[in-house]
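Report on the following structure.
Rule-based calculations on the coordinates, nothing more; no lab input. Not measured: the values here are computed from a predicted model. Every residue, glycine among them, receives a Cβ derived from its backbone with ideal geometry; neighbour counts consider all protein chains shown.
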Amino acid sequence: MKKALYEDVVCQDKFNEWTITEVVGLCVFNSGIDIEEYQQLEDFRHSLVNWEQECKKLKPKEENVKTIIEFRVGMTSCVGIHADKYPLSFGNYCSIGGLGNEYYCCNMWAENVTEFSRLHPDIKNVEVKIFGNICYVIDNRIPVKWRNSFCLTGSGASSAEDLRNLLAFSKQLITEHIRR
């Protein structure tokens, strides 16, 4: 019975329907590990539970608004990019922000975020406009040449409405830029 439950939960990727304790318990039952290894798993489970509780305390993400977020690379694609001169006109897509407040960045490459941060260590946070799980860097301290035009590769917009709003915003910025 428990092995069938283990296969149903772990193999079918149904973790969100189970608590962490249930999943760890099923993994332990199925693997036949000893008590010391079980204690290590228990310690790990406690750290996961604590991390989940800390994330729940964080301010919820605001939608379609200007806000300030941490200016550091989180997730990034892993295309091998080698450059001697910055800013790059191509690069790896990435997310920026901090724990529980990270957004896919649709207009800066990971390499440009990293290099700009290295050159300007005083800039720790940047102004962005949020569209669901996507942000658009609008901070005037970052010159336009450091930003890419637009990239949604690997982002997965949280909703069609967020994507429509993002595209309308981008179009508005391009129109304003052309008029200057």
By residue number, the members of segment 151-180 that are charged (D, E, K, R) and surrounded by 14 or more Cβ atoms within 10 Å (Cβ to Cβ) are 162
Cross-chain or 6+ apart pairs with Cβ under 8 Å, segment 63-83 first and basic (Lys, Arg), then part of a loop (DSSP other than H, G, I, E, B): 66/138
So, of the residues in segment 99-124 that are surrounded by fewer than 16 Cβ atoms within 10 Å (Cβ to Cβ) and touching a residue at least 40 places away in the same chain (Cβ under 8 Å), which turns out to be farthest from the chain's Cα centre (by Cα)? 123
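Looking only at segment 60-86, how many residues end up being touching a helix residue (DSSP H, G or I) at 6+ places or on another chain (Cβ under 8 Å) and either buried (at least 20 other Cβ atoms within 10 Å of the Cβ) or farther than 20 Å from residue 141 by Cβ (or both)? Quick ask: steps written out before the conclusion?
Residues of segment 60-86 that are touching a helix residue (DSSP H, G or I) at 6+ places or on another chain (Cβ under 8 Å), as a first pass: 63-64, 71-73, 76-77, 81, 83, 86.
From what is left, the residues that are either buried (at least 20 other Cβ atoms within 10 Å of the Cβ) or farther than 20 Å from residue 141 by Cβ (or both) are 63-64, 71, 73, 76-77, 81, 83.
Looking only at that region, the number is 8.
Sort through 142, 130, 96 and tell me the only one that's in a loop (DSSP other than H, G, I, E, B), at negative phi and buried (at least 17 other Cβ atoms within 10 Å of the Cβ). Give the steps one after another, and end with the answer.
Numbers: 130 fails: in a loop (DSSP other than H, G, I, E, B); 96 fails: in a loop (DSSP other than H, G, I, E, B).
142 is the lone residue from the list that is in a loop (DSSP other than H, G, I, E, B), at negative phi and buried (at least 17 other Cβ atoms within 10 Å of the Cβ).
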